[in-house]
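The structure appears below as structure tokens.
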Amino acid sequence: MSDKDTIEVAAATGDQAQPHKELGLTDDEYGKVREILGRRPTAAELALYSVMWSEHCSYKSSKVHLRNLAPSAVQSEKLLAGIGANAGVVDIGQGYAVTFKIESHNHPSFVEPHQGAATGIGGIVRDILAMGARPVAVMDALRFGAADAHDTARVLPGVVSGISFYGNCLGLPNIGGELAFDPCYIGNPLVNALCVGILKHDDLQEASARGKGNKVVIFGSRTGGDGVGGASVLASATFDDASGKSAKRPAVQVGDPFMEKILIEACLELFEQGLVEGIQDLGAAGVACATTELAAGGDGGMHVTLDDVPLRDSTLNPAEILMSESQERMMAVVRPDNMAAFTKVCEKWDVEATVIGEVTDDETLTMTWRGATVVKIPPRTAADGGPVYSRPMSRPAALDALQADSPAKFPRASSGADLKDTLLKLISAPELADKSWVTQQYDHTVRGNTVLAMPEDGGLIRVDEETGLGIALATDGNGRYCKLDPYNGARLALSEAYRNVAVTGATPTAVTNCLNFGSPEDPEVMWQLAEAVRGLADGCEELGIPVTGGNVSLYNQTGSNAIHPTPVIGVLGVHPDVRQRVGAGFGTDGARVILLGETREEFGGSAWARVLHGHLGGQPPAVQLDSERILAAVLAAGASSGLLASAHDVSDGGLAVALAESCLRGGRGCDVSLTGDVFTDLFSESAARAVVSVVPGREEEFASLCTAHGLPAAVLGTVTGDSLAVRDVFSVTLSDLRSAWEAPLPALFG
């Protein structure tokens, strides 16, 4: 791209060919740009529109469906900022607010696992920072191909090292997430990162450029050539083959967590001193995105001098400066009378800050380079005026046969020895086995406010030392369920994340999401996406909690092979007093073990079918959102009343795996009896269930609580001994359980 392509040259050379397709713009999109400008775009303008109208930035294929997620007035009662902001913000009481969001860094993490995952953490942290909050914790939801695949051995260790490196250096605890394996993710791993931050209501910041004459300041790292085209090319296209050859290595950003750490502290001091009128992080699409979104969010325009952008590479041309996704950068709007104080704070933290422009009142984004104008556009056309597609959709042709292919055809263990063997095979499967090989690389105690973290069901963070106010977070998603039924699969993901927050004693309050799908140009993928969004919207409405924002990641596909539809749902809960938190482990001898909820014969998409028979088919478990809400209410009341010694959700692998995990987590065994069909009781994956142990002497109070809420509660047995014993069926020692559970991941990756 020429750096001499000014708007005057563009106006005089309308017939000049431009590489719009190479930048991800279709012929029609390119034509629309020309129509908006009344001429051909300059090279810099073409670059700007290509990144801002990319799938990654504009959601052009998903926007028509995402509108269904807009919360109702009832759902919005506690929302301070929602969909469309850098991150959602929720009032949690006592003058505190929480901002949280989950995003993807899938393709970069396949191409360069360590840096791809590291910069995924860095980017989501800056989204939280841009809302005016101090980031306080991160989580990661990871999915890879078969655990024993060569591709997984290459990608997984690098992803984990990138997450741990960046998060640990920032001093942010990693409090939970997921790790799953399935052949569908070969070549398209999912690396979804969540960050949560705390702020007071008055600390909330806006991404807008207002006030004629106010200065536009870029601060943090200098701009280099890393990440050029990341949003428009790498994140908005499929891979040609499983090697990722269609992705160019320079499109992966390079992170510096030490710079981000001081950038965080500088921003927080700038906010505290009231020196910022508007702020935006520089992530996907870099300077192009920050300038257009700030200008579009304001009441005027902006003039930017690209020569003043501090560079690491002096050879970058205007288009490359705009498209660079170099990390650890922020852009602020500052009043002229505050510039000296702003600069002083940045100098204190050794953060470079440079004025590159100012706010205007002409509703135009103008950029100059070496004295010539290279960009002159209406900013809202780039930030908000991109194409919106209602892409063709069709229900997958093979879905009826897939749903009819029930796992009921497979033999089920019946003898005690076979049932015990089934349990051991399940807990030694990589997707269900101990994840400590991953989580031990993360610091989950830094900052001193972590109350619960992996392998607990939900992470729990203390917000207020005096009152004990806290927040719980969990992420969940099940691609197998969504492959069988994307509508109910999304609702089941919501159900499980909701439940994993509830078992800590917190009340689920708000939702974020990362929607991972294949190519939107495939009508069957678009149907899956539309159904999943509809399911999430309906589920949140039924539960009465809002979607606060999130991310859509499309083109997770190699050739014609798309991943399973995988909406990852994050749920935030408010805990009134973290001193009354409830963990998953059996830790109190003599405590009564109780199963809450109803068990039905539900094995479609189950871990049993997958691990024992390599099968995916049938119908996923029925969604029971009313029951989930009742279960959550009982768990919250039981925790606040001190009735519960432990609580653990029942999900993948059913009751058998839940009991094994509670035994292993707490270091104590249990003796239980089952009264129905033993196989179904042990391995069904019916939703809206949890296993709890009740503080000795409080059994009648808890029974009354369940009765008052109409919640089924089956007494199974007692916490005791050093074995998991199913009376008259089988018994397995905790040492044997632990050996089976802990061995798989170190054997594969250690």
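The values are calculated or read from the model by the stated rules, or taken from the named source; none is laboratory data. The structure displayed is predicted, hence computed values, not measured ones. Methodologically, a virtual Cβ is constructed for each residue, glycine included, from the backbone with ideal geometry; neighbour enumeration extends over all protein chains shown. Quick note on the areas: whole protein, heavy atoms, side chains included, nothing else; ligands and nucleic acids left out. Shrake-Rupley method; radii C 1.70, N 1.55, O 1.52, S 1.80 Å.
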- Query: open to solvent by 20 Å² or more (accessible area, probe 1.4 Å), more than 30 Å from THR512 (Cα to Cα) and in contact with a Lys or Arg (Cβ under 7 Å, 6 or more places away or on another chain): does that describe ALA17?
  - Reply: no
- Restricting the search to segment 561-589, which residues are open to solvent by less than 40 Å² (accessible area, probe 1.4 Å), farther than 16 Å from ALA656 by Cα and not hydrophobic (A, V, I, L, M, F, W, C)? HIS564, PRO565, THR566, PRO567, GLY570, GLY573, HIS575, ASP577, GLY583, GLY587
- Task: Please verify whether segment 227-241 includes one or more residues that are buried (at least 21 other Cβ atoms within 10 Å of the Cβ) and either within 30 Å of GLN273 (Cβ to Cβ) or at pLDDT 65 or above (or both).
- Result: yes
- Query: Considering only segment 526-561, how many residues are closer than 23 Å to SER390 by Cβ and part of a loop (DSSP other than H, G, I, E, B)?
  - Reply: 4
- Item | VAL9 vs. criteria under 33 Å from the mean Cα position of the chain (by Cα) and either of a type in the set (Val, Ile, Thr) or in a helix (DSSP H, G or I) (or both) | no
- Query: Would you call PRO108 surrounded by fewer than 24 Cβ atoms within 10 Å (Cβ to Cβ) and in contact with a strand residue (DSSP E or B) (Cβ under 9 Å, 6 or more places away or on another chain)?
  - Reply: no
- For LEU616, indicate whether it is outside any loop (DSSP other than H, G, I, E, B), open to solvent by 10 Å² or more (accessible area, probe 1.4 Å) and touching a residue at least 12 places away in the same chain (Cβ under 8 Å). no
- Does LYS60 qualify as being basic (Lys, Arg) and assigned to a loop (DSSP other than H, G, I, E, B)? yes
- If we ask which residues in segment 496-520 are farther than 10 Å from GLY573 by Cβ and in contact with a Pro (Cβ under 9 Å, 6 or more places away or on another chain), their number turns out to be 8
- Item | Within segment 183-211, considering residues that are touching a helix residue (DSSP H, G or I) at 6+ places or on another chain (Cβ under 6 Å) and in a loop (DSSP other than H, G, I, E, B), the one surrounded by the fewest Cβ atoms within 10 Å (Cβ to Cβ) | SER208
- Cβ-Cβ under 6 Å pairs, at least 6 apart or on other chains, segment 32-54 side closer than 19 Å to VAL304 by Cβ and touching a residue at least 24 places away in the same chain (Cβ under 8 Å), far side open to solvent by 10 Å² or more (accessible area, probe 1.4 Å) and part of a loop (DSSP other than H, G, I, E, B): THR42/ASP5; ALA43/MET1; ALA43/SER2; ALA43/ASP5; LEU46/GLN18; SER50/LEU23; SER50/GLY24
- Query: Within segment 136-152, is even one residue open to solvent by 10 Å² or more (accessible area, probe 1.4 Å), assigned to a helix (DSSP H, G or I) and out of contact with any helix residue (DSSP H, G or I) (no Cβ under 7 Å at 6 or more places or on another chain)?
  - Reply: yes
- Kindly check whether there is at least one residue in segment 91-103 that is in a helix (DSSP H, G or I) and of a type outside the set (Ser, Thr, Tyr). no
- Which residue, of ALA433, ALA417, ALA408, is farther than 30 Å from ALA285 by Cα, hydrophobic (A, V, I, L, M, F, W, C), in a loop (DSSP other than H, G, I, E, B) and in contact (Cβ under 8 Å) with a residue 40 or more places away in the chain? ALA433
- Query: With respect to the numbered conditions (1) touching a Lys or Arg at 6+ places or on another chain (Cβ under 6 Å); (2) of a type outside the set (Phe, Trp, Tyr); (3) on the phi > 0 side of the Ramachandran plot, which one is the sole condition not fulfilled by GLY448?
  - Reply: (1)
- Item | Number of positions in segment 592-613 that are open to solvent by less than 40 Å² (accessible area, probe 1.4 Å) and either closer than 22 Å to ALA660 by Cβ or of a type in the set (A, V, I, L, M, F, W, C) (or both) | 12
- Item | Condition met for ALA296 (touching a Lys or Arg at 6+ places or on another chain (Cβ under 8 Å), in contact (Cβ under 8 Å) with a residue 24 or more places away in the chain and aliphatic (A, V, I, L, M)) | yes
- Note on the structure: Checked ALA743, ALA713, ALA633, ALA639 against criteria (more than 23 Å from GLY604 (Cβ to Cβ) and more than 30 Å from the chain's Cα centre (by Cα)); the one match is ALA713
- Tell me which of these ALA714 doesn't satisfy, since it passes every other one: (1) among the small types (Gly, Ala, Ser); (2) free of Cβ contacts under 8 Å to residues at least 40 places away in the same chain; (3) within 28 Å of LEU494 (Cβ to Cβ). (2)
